[in-house]
Amino acid sequence: MTLNEVIALDKKYFMNTFGDRLPVFFTKGEGLKLWGDDGKIYYDFLAGIAVNALGHSHPALVNAITEQAKNLIHCSNYYYIESQARLAQLIVENSCCDKVFFANSGAEANEGAIKLARLYFKKQGLDKKYEIITLERSFHGRTLATIAATGQEKYQKNYCPLTPKFLSVPMNDIEALNHAVTEYTCAIMLEPIQGEGGVNPANREYIKQVRKLCDEKNILLIFDEVQCGLGRTGKLLGYEHYGVEPDIFTLAKALGGGFPIGALCAKEPYASAFEPGDHGSTFGGNPLACSAGYATLSTIINDKLCENSASMGEYFMDVLNRLKEEFPIIIEVRGKGLMIGVEFSKPIAGDIKLKLFDSGYLVSNLGSNTIRMLPPLIITKDDIDGFINALKKVLQPY
Ligand SMILES: *Cc1c(COP(=O)(O)O)cnc(C)c1O
């Protein structure tokens, strides 16, 4: 099909939640490269929104999916599943959690975290502890409970009444959080480094104070690591930057390397609050998704991609920061590892994204002033240099 034919079908038959998309459909990917419908090559600095951690068509992932699909795709959780057990072990052995439950997306993993936190207190007879505090500018997903958790009005305003008992407070403001905590507070849920809200890392001191507050007030600390987890920030989990451990954390995006899977990960005794019948999923933890997850996570660990993310991220941020002198329209470079936002003093982010697209580079914009880069963790210095050259050309007229 031609691009125009695809666009015509999309406009006629697909619900218009994504508006006018960038004018391309991809036919093939390899590493950082994507081939457009007209054969043009694009360099993927978005990685499907922090999903394609190994780049496109990584042999370890392709082999795992192909082999698993040949043998068994799905069978239901009425039976034991080998790849599910092995992936759960791999996550537990490389993180602070004791047990894992698999979902199909980030929002679903977060729903599980919210349910687990409420259930934990309920089972102790603390029926009143059900309120969840989140942060402004956060993003936790698109389901009804997770939009209530998301501290951004734009995702909520047309869906009122919202799921009750969620409130959000400003990030890096421990006083605001202290004031919001009551006897009803069950959990504090946050992204250690906010993604959709603009690439905003939390302060180290703040996170330590939040941990302390949770310990003192018998409140669970939930980290949403859906975007910042799995090597994205230069460490396997975002919390490792802060010298604290959450009680519960969630994963998704990069976990399947492109195949949909989410994970709810909890320490004991919280994990054991889920007993038979308390939670479930038809597709969650299916053989194919877990084989994809195992291949992706073991490759991230064995190929030292967290280390590459840390060193390439540092290099990337350094060169971006140096561009500030040449292009004063850049006012801030934020992020950690390969989760990077560049803020401009004017609302040009949408234009810059389009012009980079025309020069063969994929990024996203967050609001009107910030562009975001989330390249695959396998990125090299040459890839970054190519991007910087393209960005310089694009910024010339500004
Ligand atoms: C993307 C994202 C989600 C939602 O994940 P879905 O798989 O789209 O449901 C939740 N939390 C964070 C931090 C995210 O970046």
Identify the single condition in (1) free of Cβ contacts under 8 Å to residues at least 60 places away in the same chain; (2) of a type outside the set (A, V, I, L, M); (3) in contact with a Leu (Cβ under 7 Å, 6 or more places away or on another chain) that Tyr242 does not satisfy, given that it satisfies every other one. (3)
Restricting attention to region 173-194, which residues are of a type in the set (A, V, I, L, M, F, W, C) and either buried (at least 24 other Cβ atoms within 10 Å of the Cβ) or more than 12 Å from Leu213 (Cβ to Cβ) (or both)? Cys186, Ala187, Ile188, Met189, Leu190, Ile193
Could you give me the residue pairs with C-beta distances under 7 Å whose first residue belongs to region 105-120 and is of a type outside the set (A, V, I, L, M), whose second residue is in a helix (DSSP H, G or I) and more than 15 Å from the ligand (Cβ to nearest atom) wherever it lies, and which are 6+ apart or on separate chains? Tyr120/Ala273
Selection status of Val244, among the aliphatic types (A, V, I, L, M), part of a helix (DSSP H, G or I), at pLDDT 95 or above and not assigned by TED's automatic domain parsing to the domain that holds Gly48: no
When residues of region 179-208 are limited to those that are under 20 Å from Ile248 (Cβ atoms) and among the charged types (D, E, K, R), the one farthest from the ligand (Cβ to nearest atom): Lys208
Just to be sure, is Ile352 surrounded by 16 or more Cβ atoms within 10 Å (Cβ to Cβ), at pLDDT 95 or above and within 30 Å of Ala69 (Cβ to Cβ)? no
Would you be able to say whether some residue in region 78-94 is within 16 Å of the ligand (Cβ to nearest atom) and out of contact with any Lys or Arg (no Cβ under 6 Å at 6 or more places or on another chain)? no
Being within 16 Å of the ligand (Cβ to nearest atom), of a type in the set (Ser, Thr, Tyr) and part of a helix (DSSP H, G or I) is true for just one of Thr146, Thr66. Which residue is that? Thr146
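The values are calculated or read from the model by the stated rules, or taken from the named source; none is laboratory data. For clarity, every value in this text was computed on a predicted model and none was experimentally measured. Backbone-built Cβ (ideal geometry, glycine too); neighbour counts: all protein chains shown.
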